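What follows is a set of notes on a single structure, which appears directly below.
The values are calculated or read from the model by the stated rules, or taken from the named source; none is laboratory data. Values in this document were obtained by computation on a predicted structure and should not be read as measured data. Virtual Cβ from ideal backbone geometry, glycine too; neighbours counted across all protein chains shown.
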């Protein structure tokens with residue numbers, strides 16, 4: 001090969017046809033007469049010019065990729081190459097389709113080893129993202145299968161190739177480019193004797209795909225959080241406490257935050273007026289304020305155009321005391337979450353009961369999860385929420401000592417890594433000398449990320465000053481989570497051994 005002076009990826013032109021034909025004949029030596037007619041190339045260029053590209057080395061065609069757009073429904077069922085191409089007329093191409101389908105890709109023998117094929121695949125992926133399609137698919141050949149067909153089924157052959165027990169350069173290359181097999185296609189390509197007429201339907205998922213909607217709304221890709229590190233102090237009454245809460249909502253809204261997160265039991269100072277009662281009686285008196293607080297927070301969410309996570313409050317249902325919180329959305333909807341695991345102290349002092357409901361919540365900023373304090377120390381809960389599509393986990397907490405805080409903090413950071421999500425924790429600081437069982441508080445509110453190249457090396461996006469009343473603002477890029485899931489150094493969600501263990505939600 002001559003010295004490489006120029007490598008160029010460019011759209012295929014009909015003027016390239018004769019050179020393209022020669023290149024195809026050289027590339028497909030095991031399949032005689034495997035080249036496209038000039039009229040077919042002209043048709044492809046006419047209906048979908050962006051999908052037809054060549055890569056040139058020193059102005060000479062070294063490889064080519066041809067594509068059409070189809071409806072995903074057409075490839076879900078078994079199909080042949082002839083069917084997907086409309087008997088080679090490409091009548092199956094649909095500009096309104098949702099899947100980029102690879103018709104052909106090849107590199108001339110003399111240019112193999114330069115990773116030019118990767119450039120063609122990367123172009124297809126970029127085109128797919130730009131056109132907002134679900135992904136890229138094609139029927140992949142398995143040209144070494146004929147050597148093993150007498151002893152292995154296509155599925156068994158593919159398994160061995162994936163385990164590197166058998167070498168199949170074509171299939172291995174496709175897997176290394178992040179394509180995953182979805183099904184075996186029988187009698188896919190006539191004349192492909194090397195593959196015994198089998199192919200593997202391979203797909204690459206576009207993590208940026210957004211389904212079209214008729215609603216005038218956009219799911220945000222960069223989400224701004226406002227964490228409120230709340231100072232425990234005496235309040236004369238409920239109105240004064242709510243004035244302080246509105247001050248913080250106003251502040252984080254002024255920075256155009258999408259969420260405001262309050263701590264667990266931030267309203268505990270109101271128990272001071274009932275300090276003459278026993279602890280179980282005092283907290284049940286506090287529960288009488290919960291409905292009014294939730295209604296006020298809902299009004300604030302609407303008027304300040306922000307989603308508010310209310311921290312948590314006591315609530316009595318059918319005579320039983322629970323620790324609950326509310327997601328007050330800026331569109332007016334209100335949804336409840338519950339503390340599922342109550343601490344030994346909550347049981348012993350207050351007689352509190354654990355809740356039963358766990359689910360992720362849909363918001364205008366994607367799916368979120370909320371776990372109250374102790375619940376974040378049980379990894380199964382956040383894993384279930386991750387499986388439901390959670391991107392951000394919010395943890396309102398209340399801890400009295402630094403070692404109690406460390407349990408919440410360290411477990412929250414672990415949840416961010418293992419579930420490939422963001423985790424935001426917010427707690428209270430200060431002292432309440434006139435409230436039994438709530439004397440001291442320790443907190444440092446923080447936002448954690450996974451640990452990979454696109455994120456902070458220590459997994460900490462933002463952190464408040466310990467034991468100081470303040471707000472913490474942080475921007476979270478949701479698209480970075482999608483890239484991590486596909487291309488991360490490690491892939492904690494995708495690499496789970498579902499063949500030996502599973503987590504089920506009852």
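Overview of results
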item	result
Subset of segment 397-420 [in contact with a helix residue (DSSP H, G or I) (Cβ under 8 Å, 6 or more places away or on another chain) and outside any helix (DSSP H, G or I)]	397, 398, 399, 420
Failed condition for residue 424, given (1) outside any strand (DSSP E or B); (2) farther than 17 Å from residue 479 by Cα; (3) touching a residue at least 60 places away in the same chain (Cβ under 8 Å)	(1)
Some residue of segment 155-162 being under 25 Å from residue 10 (Cα atoms) and modelled with pLDDT of 90 or more	no
Enumeration of residues in segment 9-46 that are under 18 Å from residue 82 (Cα atoms) and under 39 Å from the mean Cα position of the chain (by Cα)	41, 43, 44
Helices (runs of 4 or more DSSP H) wholly inside segment 237-306 that include at least 1 residues being within 14 Å of residue 329 (Cα to Cα)	238-254, 290-303
Test set (1) over 30 Å from residue 297 (Cα atoms); (2) surrounded by fewer than 20 Cβ atoms within 10 Å (Cβ to Cβ) - residue 237 fails condition number	(1)
Members of segment 7-27 found to be without any contact (Cβ under 8 Å) to a residue 60 or more places away in the chain and in contact with a strand residue (DSSP E or B) (Cβ under 7 Å, 6 or more places away or on another chain), listed by number	8, 10, 11, 12, 16, 19, 20
Candidates 426, 474, 462 - the one that is crowded, with 22+ Cβ neighbours inside 10 Å and either within 29 Å of residue 254 (Cβ to Cβ) or in contact with a strand residue (DSSP E or B) (Cβ under 7 Å, 6 or more places away or on another chain) (or both)	426
Conditions (1) under 17 Å from residue 382 (Cβ atoms); (2) in contact with a helix residue (DSSP H, G or I) (Cβ under 6 Å, 6 or more places away or on another chain); (3) in the same structural domain as residue 395 (by TED's automatic domain parsing); number of the one not met by residue 503	(3)
Residue match in segment 291-310 (condition: at positive phi and out of contact with any helix residue (DSSP H, G or I) (no Cβ under 9 Å at 6 or more places or on another chain))	no
Given (1) under 21 Å from residue 373 (Cβ atoms); (2) out of contact with any helix residue (DSSP H, G or I) (no Cβ under 7 Å at 6 or more places or on another chain), index of the condition residue 457 fails	(1)
Filter result for the condition that a residue is without any contact (Cβ under 8 Å) to a residue 24 or more places away in the chain, farther than 22 Å from residue 429 by Cβ, surrounded by 15 or more Cβ atoms within 10 Å (Cβ to Cβ) and more than 28 Å from the chain's Cα centre (by Cα), over 291, 274	274
Filter result (surrounded by fewer than 17 Cβ atoms within 10 Å (Cβ to Cβ), over 14 Å from residue 314 (Cα atoms), touching a helix residue (DSSP H, G or I) at 6+ places or on another chain (Cβ under 9 Å) and touching a residue at least 40 places away in the same chain (Cβ under 8 Å)) within segment 325-368	334
Residue count for segment 128-159, restricted to those that are free of Cβ contacts under 8 Å to residues at least 12 places away in the same chain and either assigned to a strand (DSSP E or B) or loosely packed, with under 15 Cβ neighbours inside 10 Å (or both)	7
Number of positions in segment 184-199 that are on the phi > 0 side of the Ramachandran plot and either surrounded by 15 or more Cβ atoms within 10 Å (Cβ to Cβ) or at pLDDT 85 or above (or both)	3
Any hit, segment 376-398, residues being more than 20 Å from the chain's Cα centre (by Cα), within 21 Å of residue 221 (Cα to Cα), buried (at least 22 other Cβ atoms within 10 Å of the Cβ) and assigned by TED's automatic domain parsing to the domain that holds residue 283	no
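Listed here are the residues, each with its yes/no results for (1) in the same structural domain as residue 373 (by TED's automatic domain parsing); (2) touching a residue at least 12 places away in the same chain (Cβ under 8 Å); (3) within 26 Å of residue 476 (Cβ to Cβ).
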{"residue": "286", "(1), (2), (3)": "yes, yes, no"}
{"residue": "298", "(1), (2), (3)": "yes, yes, yes"}
{"residue": "303", "(1), (2), (3)": "yes, no, yes"}
{"residue": "306", "(1), (2), (3)": "yes, yes, yes"}
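Conditions tested, residue by residue: (1) assigned by TED's automatic domain parsing to the domain that holds residue 139; (2) assigned to a loop (DSSP other than H, G, I, E, B); (3) more than 21 Å from residue 204 (Cβ to Cβ).
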| position | (1), (2), (3) |
| --- | --- |
| 15 | yes, no, yes |
| 18 | yes, no, yes |
| 35 | yes, yes, yes |
| 41 | yes, no, yes |
| 73 | yes, no, no |
| 79 | yes, yes, no |
| 95 | yes, yes, no |
